[in-house]
Amino acid sequence: MKTRTLILNIVMAAEVKTLSIQDIISVCELFDVKANSVRVNVQRLTSDRLLSCVHRGLYQLGPAAKLMANQLSEWRNALQRIVPWRGDWLGVHCGSLGRTDRKALKNRERALFLNGFKELDRSLYIRPNNLIGGLDTVKIRLESMGLENGAIHLKISDFEPAVKSGIPGLWNFSDLNSGYTKSTTTLQNWLNQYESLEIQEAARQSFMLGNEAIRQMIYDPLLPEEWINGTARQAFIEILKEFDNTGHSIWRTVLENAEVTT
C-alpha cells in the first residue's frame, strides 16, 4: 500500500474528527513507514485537499476526500440497496461522451464499475435492475461518483435470445461466491485468535485484513440471488461488521496509547 493511501485510510478510519501528525506517524510506524515520509505525504495530501490542517500539526479529512469517505462507509448498508429482480436491466450508453479526456474516462469507468455495470457492447453498459430506486436513483448515484451528465440512461425490459444468453458471462459468479466464503473464513479465524497478539500487531493485521475485505465489499456488484449465493454474501458482510467493530476498538486503544506517549 502506498504511503499516501495508508495515511488517508488511517484518517478515514479514525473515529475522532482530527489526528495529530504525531498520531499519524505513530500509526504509520506499525507499517514500517518513516516519519519523514509521513510528513512529506501529509503535506502533499493537504495540497491536494484530501487532508485539511485545522491547526498546527492537527489534520482531518479535506473536502476532496469527504465524498470518498461517505462512499466507502456505505458497505455496511449495501444489502439494503438490493430489491427483488424482475428480469429487466439498467443500461447506460456513453457513446456521445467521447474517450479523449483521460480523467473523465477514468472517473466514468470507475463510477460504472463501482455500481456493478459491465460493457455489453461498445459504450453500452448494463446491470440487472435490482437496486432500490431503479433508474432515477442509480442515475443520481452514478453522476455523484463521476459519470458525465451527457450519458443516456435506459431501462431495458429484455434482449434477443442470442444476446441474453451471453449476458450472465459478463460477471464471474464463481469468483464472487468463492470470495464470500474465503473472506468469511479468514475474518472468522482472525477473530478467534487476535487476543493472543500484541496490541500493535493486532492493529496492523486488522487494518490490512479489514482494508482488503471492505474493498471487496465496496467493489461487489450486488447481483441478484438468482445468480449468486445470497446466504454466503450475507454471512460475509455480517462477519465483516463484527471484524470492523473489533478493529475500531483495537485502534482506539492504539491511538490512546500514542497520545499518552507524545
Here FRET efficiency (C-beta to C-beta, N192 to R39, R₀ 35 Å, nearest 0.05) is 0.35
Restricting things to alpha carbons, tell me how big the stretch 6-158 is in terms of Rg and Dmax, in Å.
19.5, 59
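Quick one: Cα convex hull volume of the chain, Å³ per residue? Display every interim value, and only then the final one.
On the way: hull volume 35.7 nm³, N = 262.
Roughly 136 Å³ of hull volume per residue.
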Counting all C-alpha pairs of the stretch 1-59, share separated by more than 20 Å (%):
11
Ignoring the sites themselves, what is the longest stretch of the chain with no GluC sites (Glu not before Pro) in a DSSP loop and at most 16 other beta-carbon atoms within 10 Å?
16-197
Interchain or long-range residues, amide H under 5 Å from L90's placed H:
R127, N129, I156
Rg from C-alpha atoms of the stretch 39-89, normalised by the globular rule of thumb 2.2 N^0.38 Å, equals 1.79
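With the other protein chains left in place, how much accessible area per residue, in square angstrom, belongs to the stretch 189-262 at a 1.4 angstrom probe? Each step should come with its number before you reach the end.
Numbers: 3870 Å² over 74 residues.
Spelled out: the 1.4 Å probe surface of the stretch 189-262, per residue, equals 52 Å².
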Put a dot 7 Å past each Cα toward the Cβ at D136 and E160; how far apart are the dots in nm?
3.4
5 angstrom amide H check on G62, placed H, neighbours 5+ away:
L51, S52
Please identify which residues in the stretch 14-40 have an amide N closer than 16 Å to a label point set 7 Å out from the Cα of V54, following the Cα→Cβ vector.
14-24
Rough spin-label spacing in nm, given labels placed 7 Å along Cα→Cβ, for D88 and N177
2.8
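The values are calculated or read from the model by the stated rules, or taken from the named source; none is laboratory data. Please read these numbers as outputs of a predicted model, since none were measured by experiment. Positions of Cβ are generated from backbone atoms using ideal geometry, with glycine treated the same way; all protein chains shown enter the neighbour counts. Just the protein is used for accessible areas: all its heavy atoms, side chains included, with ligands, DNA and RNA removed. Shrake-Rupley method; radii C 1.70, N 1.55, O 1.52, S 1.80 Å.
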